[in-house]
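First comes the structure, then the notes that go with it.
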Amino acid sequence: MAGPRLLLADDDTRTARRLARMLEEDGWQVELCADGATAMARLSQTPPLDAIVADFGLADHGGVALHAEARRLTPPVPVIFVTNYPEHLKRMQLDPAPVVMGKPVDYAAFTVELARALGREAV
């Protein structure tokens, strides 16, 4: 059985690949994209996503636009932001408030937040 499907949208390809490898080792199916336009286009494709991990400062469409679009899907897809600017993003007071984590990512804390966003227990 295939694991949950996650879109990882980050223009820092080195960091994204490292995070993708760890997630795949934990059973996730990870799709990488390096810009907001590609991430936005993926939202309307199948198979559906279980979660999105995005950088705040994506080129083309920023992470905030991606978050808003993901919330419009049925069912809404949870978004976790991984960014160099966590405090800036937290001050934006998005509704509903996404999970925001700073870079470099604490993988153990990240997996707890990812599981929580999906209503699951952490591995």
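No lab work stands behind these numbers, since they all come straight from the coordinates. These numbers were taken from a predicted model, which means no experiment stands behind them. A quick note on method: Cβ atoms are made from the backbone with ideal geometry, for glycine too, and the neighbour counts reach across all protein chains shown.
Report the one residue of A39, H61, P96 whose Cα lies farthest in the direction of the positive end of the charge dipole of the chain (charges on C-beta: Lys and Arg +1, Asp and Glu -1; origin at the Cα centre). Looking along the dipole axis, the top candidate is P96. This ranking places E25, E31 by how few other beta-carbon atoms lie within 10 Å of each, fewest first, which gives E25, E31.
Using the Cβ of P98 as centre and a radius below 11 Å, the other residues enclosed give a net charge of 0, where K and R count +1 and D and E count -1. What is the sum of charges around V53, taking Lys and Arg as +1, Asp and Glu as -1, for the other residues whose C-beta is under 14 Å from the C-beta of V53? Charge balance near V53 sits at -3. Potential lengthening of the chain between Y107 and A37 amounts to 22.6 nm, from the contour at 0.36 nm per residue minus the alpha-carbon distance. Placing a pseudo-label 7 Å from each Cα along the Cα-to-Cβ vector at T74 and R91 gives an inter-label distance of 3.8 nm. All other residues whose Cβ lies under 14 angstrom from that of A41 are scored, Lys and Arg at +1 and Asp and Glu at -1, for a net of -3.
As a footprinting exposure proxy, order H88, H61, H67 by other Cβ within 10 Å, with the fewest listed first.
Values: H88 12, H61 18, H67 23.
The most exposed by this proxy come first: H88, H61, H67.
Based on C-alpha pairs under 8 angstrom that are at least 6 apart in sequence, the chain has a relative contact order of 21 percent.
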